[in-house]
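Data first, discussion second: the structure below is written as structure tokens.
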């Protein structure tokens, strides 16, 4: 009974946590002269990636590699198809030139690097495929490069403080931290409840990881990006998803593999391909009629793509 109560409380924590994180971080950004896109790429994306990190560390220690890797791929796919899709339906998302030509292509590189690292059978002619500790270190090196780039971006796009901030600094910091905590606990409670129900129906680990756990751990991103879109803070909505996807592959999977090597199921290559297609679609939407913007029609296409992907997963079993 407790697991179901926490399941309901989880959604409440997610909604309120997202509101606090967006309000606190955007207020802090204005006071410090940091652009919303940098805040989205760092504080917000790191905070909303906390559930993925927690779930993957636990999965790695318990030897549930299919849940761990499936969780990350499923989360990244849902981040683009579902979360950006819903956010764009709420309010069209403008994409900055820098994000189009640097951060989104870096997302493509992340997916390709992951594919090369996990397919030892094809690349190195090994007997088994595994995300080893050395692979994890490579991913974490990419993460350090990304963070170095982001800090450089923060210096290059320093904004003048105009005095129009909503909250004093301590309150803004407190709201941001409370938001992250609310999202982490809320996401975990929702995931735990969903997994309990799924196991009662006899679903496989890979399917649970790619669907229920992935969507569950992406709920913070959904709540945050949807709230940001509603408040017309589109840079936070975009930065949250793009940054979170990079955090998930480079940091979360990297750290998980360093803690304990993760055997790779070749069947999941299909999901790596879907993740790459989702990222390419996001890049392509930057050059459609509504240039450098995901409009409502394109948001609808993304959501339909996700619905199709879920149908495919269910059919695959």
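When the chain is treated as a Gaussian network with alpha carbon springs shorter than 10 Å, the biggest mean-square fluctuation among 113, 22, 213 belongs to 113. Among 230, 306, 149, the largest mean-square fluctuation in a Gaussian network model of the chain, built with springs joining Cα atoms closer than 10 Å, belongs to 149. Computed over the stretch 168-317, the range of Cα coordinates on each principal axis works out to 48, 42, 31 Å, biggest value leading. Axis angle, to the nearest 10 degrees, between helix 214-230 and the longest C-alpha principal axis of the chain: 20 degrees.
Peptides 34-40, 117-123 ranked from most to least packed by the mean count of surrounding Cβ atoms within 10 Å: 34-40, 117-123. Helical runs (DSSP H, four residues minimum) scored at -39500 (n - 2.57) apiece and divided by the length of the chain put the mean residue ellipticity at 222 nm at -23000 deg cm²/dmol.
Which of rounded, prolate or oblate describes the stretch 1-154 when judged by the alpha-carbon gyration tensor and an a/c cut-off of 1.5? Oblate. Label-to-label distance for residue 201 and residue 12 is 2.6 nm, based on points extended 7 Å past Cα in the beta-carbon direction.
Computed from Cα positions, the angle between helix 269-284 and the longest principal axis of the chain comes to roughly 20 degrees. For the stretch 114-157, the C-alpha radius of gyration divided by 2.2 N^0.38 Å, with N the number of residues, is 1.62. Here the average projected area of the convex hull drawn through the C-alpha atoms of the chain stands at 15.7 nm². Taking the C-alpha atoms only, the angle from helix 133-156 to the longest principal axis of the chain is near 10 degrees. A Förster radius of 45 Å, combined with the Cβ-Cβ distance separating residue 62 from residue 291, puts the computed FRET efficiency at roughly 0.45.
Computed from the coordinates by the stated procedures, all read-outs in this text should not be read as laboratory data. The shown structure was predicted, so the numbers you read here are calculated from the model rather than taken from an experiment. Every residue, glycine among them, receives a Cβ derived from its backbone with ideal geometry; neighbour counts consider all protein chains shown.
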